[in-house]
1. Kindly write out, for the range 68-74 in residue order, the coupling ³J(HN,Hα) from the Karplus curve 6.51 cos²θ - 1.76 cosθ + 1.60 (θ = phi - 60°), rounded to whole Hz, with x marking Gly and Pro.
2. With n ≥ 4 as the cut-off for DSSP H runs, can you work out [θ] at 222 nm for the chain, using -39500 (n - 2.57) per run divided by the number of residues, rounded to the nearest 500?
3. Can you figure out the FRET efficiency of Asp281 with Ala71, using R₀ = 30 Å and their beta-carbon distance, to the nearest 0.05?
4. Helix 150-160 versus the longest principal axis of the chain: what is the Cα-based angle in degrees, 0 to 90, to the nearest 10?
5. In nm, give the distance between the simple-model label positions of Ala11 and Leu210, each being 7 Å from the Cα along the Cα-to-Cβ direction.
6. With +1 on each Lys and Arg Cβ and -1 on each Asp and Glu Cβ, and nothing else charged, work out how big the dipole of the chain is about its Cα centre, in Debye to the nearest 20.
7. Within the range 221-255, whose backbone N sits under 19 Å from a point 7 Å along Cα→Cβ of Glu48?
8. Under a no-solvent Debye model with one identical scatterer per Cα of the range 194-241, what's log10 I(q)/I(0) at q = 0.20, 0.22, 0.29, 0.30 Å⁻¹?
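What follows draws every value from the coordinates through simple rules; no lab data is involved. Note that the coordinates shown come from a computational prediction; the quantities given were computed from them, not determined experimentally. Positions of Cβ are generated from backbone atoms using ideal geometry, with glycine treated the same way; all protein chains shown enter the neighbour counts.
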Amino acid sequence: MTIDYKALASAPRLLMEANLKPVQGHRFQPTGFADLGPARYTLPDGMEMLLVESAQSVANRMELACWDPVAQDLIEGLRGLPYVRIVDDTGNHVSNSLLEAHRINSEYIMKDAARVVESDKGVPKKIEERSFNDEFAGEIEYQKDGRVNWTRFHTALLKYDPNCLIHGCFLEEIGGRLRVTRALSGFIEARGVAVAESGGVKNNIVQPELRGGEGNVPFHRTEFTGEIKAYFNLDLALIRGHGLGDAATRLLIDLSLFKIRRFLSTGLRLRTACDLEVDGDLTVTRPKGFTITGDEDALLGECRRLIGECEGLFASPSVTEVAWKPSKGKSKAKKENGDGEAGGKGASQEEDVKE
């Protein structure tokens, strides 16, 4: 065991931070917003601050740190952890609840899909008659005019995708009350910032005098210098409040800590001009005296052990396949962006807004 769970038994939050620095030089490019640009702000004492990476983006990156894009599966050490895999009628992998902007509430899971009961060499042969939406609603005993059975709801999320309990979800496809607040959050900010202006030219060596952006185009570039720090907040009280039992609670805590470690070791190339590394180590600021003794490999090993302990709480097989068919007359999937547990997915120079 790498974590002293007893020391966290009564703590409401686990607050952590890590100093960061550019891997080369001193300049870095922060996240930007379409109508705002870089998010700059000033503290009451006059300290100039800058948001380097938002909570939405850090959540995305912590999730992606557990995904193997080549194998199209969880990284090897986390296999056995449940999630919902979306396939088409030929068995091709379309997406899954770990990658989707709305997680398990993705329209490709909860709107136009049904669970695959039987398949032959990956091709769906028998599909549940009810939609997965109806099946899930029945499993949690949801009634539009009744009280929500929160224990069944949280247990069902653990069964199909525990990451929904870590990063939050909102099952408005079933009912607007079915929300889970994010338990793990993080952001990166810089203090004492100063602007580093530079620029360049996009060259057209054939017709440099063309207009409308097609010829030679000078451009400016705004970067920053300053002290960079990543912050992480794990809501222990929220996790315990789900009432899932000791093994599942410990799994959610350990998996969250692994995601943080993994993000800090593999996910800090945020943009072309924002390539960072940890300067020191991850430290705990609350509760006082608590330390995270396990490194990334130790935390992954603890995850493996706890996945085994929780096997009876998970779907069998652990990866639930649902067959998705596009709705008639629907030529293009809807893309949504926004804060909360329903946002857009994808890394960009501007902003990731999936939570």
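1. My calculation for the range 68-74 gives 9, x, 6, 7, 6, 7, 4 Hz in order.
2. Using -39500 (n - 2.57) per qualifying helix, the result is -6500 deg cm²/dmol.
3. Calculated value: 0.50.
4. Long axis of 150-160 versus the principal axis of the chain: about 80 degrees.
5. Calculated label separation equals 5.9 nm.
6. Values: 46 positive and 54 negative charges, 77 e Å.
That gives a dipole near 360 debye.
7. So the set is 221-229.
8. Log10 I(q)/I(0), no solvent term: -0.78, -0.83, -1.01, -1.03.
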